[in-house]
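The values are calculated or read from the model by the stated rules, or taken from the named source; none is laboratory data. Just so you know, these numbers come straight off a predicted model, no measurement behind them. Glycine also receives a Cβ, built like all others from the backbone with ideal geometry; neighbour counts cover every protein chain displayed.
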Amino acid sequence: MTHRERLLKVACGEMVDSIPWIPRIDLWHNAKSLAGTLPPKYRQYSVEEIHRAEGWPLHKVVPEFLKPDKPEDIIHRAIGLYRLKEFPYDFEFSSEIEIEVDYQESDDESMTHVTYHTAVGTISVTHGVTAEMKKSGASISWVKEHAVKTQDDYHTLAHLFANLKLKPAYERFSKWKDSVGEDGIAVAQGLGIACSSPMHFIQKTLLDATEFYLHYHDFPKEIAELVEVLEPVYRQLIEILAASPADAVLWSANVDDMITYPAYYEKDILPWCRRAGHKLHAADILTMVHPDGENRGLMDLIPQSEMDIADAVTPYPMTKIDIQEYYERWCRSGKMTIQGGIPEMFLLEESTTRDDLKNYIDHLLKVIAPGTRFIASIGDTSPPNTDFDRLLYIGERIEKEGKLPLQAGSFDPVSHERLAKAGAKPEIRSQPRPADVSDKADDLFATAQQNVLAGDVAKLVDTVGNMLDLNFDPRQILSIGMLSAMEIIGERFKDGTVFIPEVLLSARALNEALKVLEPHLAGMQIEKSAKIMVGTVLGDLHDIGKNMVLTMLKGVGYETVDLGVNVKAENFVKQVSEHRPQILGLSALLTTTMPQMQLVINALEEAGLRNQLKVIVGGAPVNKKFADDIGADGYARDGGEVITLVKSLLEE
Ligand code: B12
């Protein structure tokens with residue numbers, strides 16, 4: 001049986017001879033070959049050559065976004081259009097659209113600036129890679145300037161996409177598929193980076209990741225106009241994919257229960273996944289989803305999406321769900337095939353020991369019996385600093401013990417303690433009331449709180465105005481009526497009962513009402529609030545978590561400064577000496593960028609600034625132990641916990 005045949009059978013739930021093992025090594029390979037540190041045996045090898053030499057199937061799910069035939073094939077990346085071998089379609093704009101391209105090179109970054117002139121307005125975008133991204137082997141470029149900046153841009157984009165036509169590019173795709181041959185499944189791509197639906201396309205491609213949630217709430221009409229124009233593009237896309245020679249299509253990527261929170265997923269993503277799934281299945285084409293994040297809130301929804309393979313599944317301890325639960329609910333139930341299941345932390349010497357890896361593989365092989373519907377892989381990808389021997393070790397274990405139906409390995413599971421903790425609901429503290437607040441006043445404070453919780457700007461501004469007319473103390477309006485509500489939001493976010501949009505809307509309502517309060521607060525004796533700066537470290541472009549942390553802290557009354565993403569240690573030092581914050585927050589979402597946190601702390605020490613402030617750290621791969629090891633003053637797991645942390649540090 002060839003690799004391709006085996007993979008196709010596993011994806012359909014058939015029993016084959018053994019579990020396939022496909023490590024994804026593109027990032028690792030990019031970084032190591034740039035640094036000249038590939039293992040000696042593989043010094044001159046491409047990714048494909050290494051896979052073939054090791055007998056691994058090829059991992060052909062994520063396109064080689066940064067390896068176009070010609071540079072102009074990726075100039076439309078910031079509006080979700082690629083002319084690459086993995087895309088079985090091409091596109092063209094009508095002659096009404098004028099396009100200007102400007103390449104900008106500097107020591108720090110290589111950027112492409114593109115302007116689209118339409119009859120109703122202009123859209124401009126900038127995308128590319130930073131020097132740090134290149135070093136760490138980045139496989140996707142970064143959108144520095146998004147297409148949507150104002151409400152009006154939706155109309156212009158609707159016009160732009162109304163002038164877009166897709167057309168088959170089967171020859172290009174087939175050539176690539178032939179090059180993969182029987183060594184794997186050549187997975188075709190949908191629109192953008194697997195944007196599952198028109199709304200998901202807008203969210204992932206056209207807009208800043210955090211700003212999207214506010215626009216989604218504020219501009220439903222404008223967004224609906226663009227969705228309406230994108231719908232026929234999506235229909236046409238599905239037709240082209242269904243008639244293509246592809247075996248499988250990656251339809252939906254980076255679903256995560258925070259970012260594509262359950263209500264949003266159900267309304268704006270699921271129906272299009274199902275539509276695409278039905279059409280593609282009718283044409284005998286498999287569908288894939290890439291749920292590489294937290295999936296607790298999506299455990300029941302993703303299996304309803306007509307997706308056959310869930311790629312890059314990253315279980316506990318990197319996320320909250322154990323592989324046992326994933327296998328039980330997604331695979332054993334016959335709903336999907338998992339490709340992934342091995343968290344990348346087990347490949348890193350600095351994160352785990354060889355024994356941890358051994359224990360994890362023992363656990364995995366025990367709980368996924370009988371082993372059907374499972375393709376062992378790394379969730380999400382092998383990082384640049386992967387210990388290659390560990391990949392070989394996993395391969396050997398799977399070769400020896402992965403014969404199907406599975407003979408379970410020795411049972412030595414990783415601790416479930418954290419998993420239990422993750423599910424535990426924190427109690428929401430009742431808010432302290434000063435003695436001089438009457439019952440009637442309590443009602444108004446409660447109304448203000450409710451308005452903050454509902455994120456209702458108009459009502460909150462109204463309530464605050466009423467309270468001022470009734471001579472309430474502005475300081476109490478702020479602390480009891482508004483800041484306390486943000487603390488509740490923080491608890492609920494931590495607890496998983498509210499999601500990113502609610503937090504952003506509440507924070508915005510509070511900030512608007514603050515404008516009404518501020519003139520009344522001026523000149524009053526108010527407790528001076530601390531200044532807190534937060535930035536994402538060098539090489540890291542993840543900013544949603546950082547933005548949430550800033551939003552929470554601002555929401556409960558601290559003065560905040562956003563330092564942005566990809567911030568060099570020397571820039572942190574410069575900003576600290578300029579702004580003199582009491583607390584500096586560092587965010588990192590990548591294992592490879594975590595060491596930057598240590599560099600920032602060292603640089604602060606060298607500049608003689610370390611003793612003047614507290615440094616706190618956070619981000620998915622960071623933990624308390626790491627924070628202690630690098631000499632940080634605190635760690636918080638999420639935007640709710642950060643409020644408690646900051647309070648306690650300021651009290652020290
Ligand atoms: C969305 C996402 C992306 C988006 C980012 C969009 C954006 N504008 O931020 C895109 C698609 C661009 C992306 C790109 C990449 N990603 Co990514 N991504 C994610 C994903 C799915 C969700 C992250 C997120 O925003 N979560 C929601 C927010 C609210 O949660 P959060 O970030 O964890 O933040 C909370 C806490 O951590 C904490 N916190 C965060 N910062 C701070 C700071 C302080 C001071 C404190 C106290 C607390 C704190 O509070 C926050 C609020 O509650 C994660 C999966 C995951 N498990 O995290 C992968 C993930 C982080 N990505 C990963 C990878 C590998 C990549 C890429 C390298 C992929 C590639 N092949 O190129 C690139 C790297 C680009 C770069 N150089 O940075 C891996 C990282 C693995 C690792 N440990 O190294 C993850 C874990 C996926 C996985 N399963 O392996 N990614």
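Quick rundown of the values:
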read-out	value
Condition check for residue 216: at pLDDT 95 or above, part of a helix (DSSP H, G or I) and closer than 23 Å to residue 454 by Cα	yes
Long-range neighbours under 6 Å by Cβ, at least six apart or interchain, first residue within 23 Å of residue 257 (Cβ to Cβ) and modelled with pLDDT under 95 within the range 620-635, second within 10 Å of the ligand (Cβ to nearest atom) and in a helix (DSSP H, G or I)	621/591
Some residue of the range 582-595 being buried (at least 20 other Cβ atoms within 10 Å of the Cβ), more than 11 Å from the ligand (Cβ to nearest atom) and not in a loop (DSSP other than H, G, I, E, B)	no
Of all residues in the range 336-377 being within 27 Å of the chain's Cα centre (by Cα) and acidic (Asp, Glu), the one that is surrounded by the most Cβ atoms within 10 Å (Cβ to Cβ)	344
Residue satisfying condition, being closer than 26 Å to residue 255 by Cβ, more than 16 Å from the ligand (Cβ to nearest atom) and crowded, with 21+ Cβ neighbours inside 10 Å, within set 164, 230, 160, 206	230
So residue 365, is it more than 16 Å from the ligand (Cβ to nearest atom) and touching an Asp or Glu at 6+ places or on another chain (Cβ under 6 Å)	yes
Unmet criterion (only one of (1) at pLDDT below 90; (2) within 14 Å of the ligand (Cβ to nearest atom); (3) in contact with an Asp or Glu (Cβ under 7 Å, 6 or more places away or on another chain)) for residue 529	(2)
Residues located in the range 561-579, provided they are out of contact with any helix residue (DSSP H, G or I) (no Cβ under 7 Å at 6 or more places or on another chain) and more than 13 Å from the ligand (Cβ to nearest atom)	568, 571, 574, 575, 577, 578, 579
Any hit, the range 242-264, residues being of a type in the set (Val, Ile, Thr), surrounded by fewer than 24 Cβ atoms within 10 Å (Cβ to Cβ) and touching a residue at least 60 places away in the same chain (Cβ under 8 Å)	yes
Output for the range 181-196, where each listed residue is crowded, with 18+ Cβ neighbours inside 10 Å and out of contact with any helix residue (DSSP H, G or I) (no Cβ under 7 Å at 6 or more places or on another chain)	187, 189, 194
Selection status of residue 645, in contact (Cβ under 8 Å) with a residue 12 or more places away in the chain and away from the ligand (no atom under 12 Å from the Cβ)	no
Selection within the range 596-612 - within 13 Å of the ligand (Cβ to nearest atom) and either in contact with a Pro (Cβ under 9 Å, 6 or more places away or on another chain) or small (Gly, Ala, Ser) (or both)	none
Meets criteria (surrounded by fewer than 16 Cβ atoms within 10 Å (Cβ to Cβ) and free of Cβ contacts under 8 Å to residues at least 60 places away in the same chain) for residue 178	yes
Entirely in the range 472-557, the helices (runs of 4 or more DSSP H) that have 2 or more residues that are surrounded by fewer than 24 Cβ atoms within 10 Å (Cβ to Cβ) and without any contact (Cβ under 8 Å) to a residue 60 or more places away in the chain	500-521
Wholly within the range 247-339, strands (runs of 3 or more DSSP E) carrying at least 3 residues that are outside the structural domain of residue 207 (by TED's automatic domain parsing) and under 27 Å from residue 363 (Cβ atoms)	none
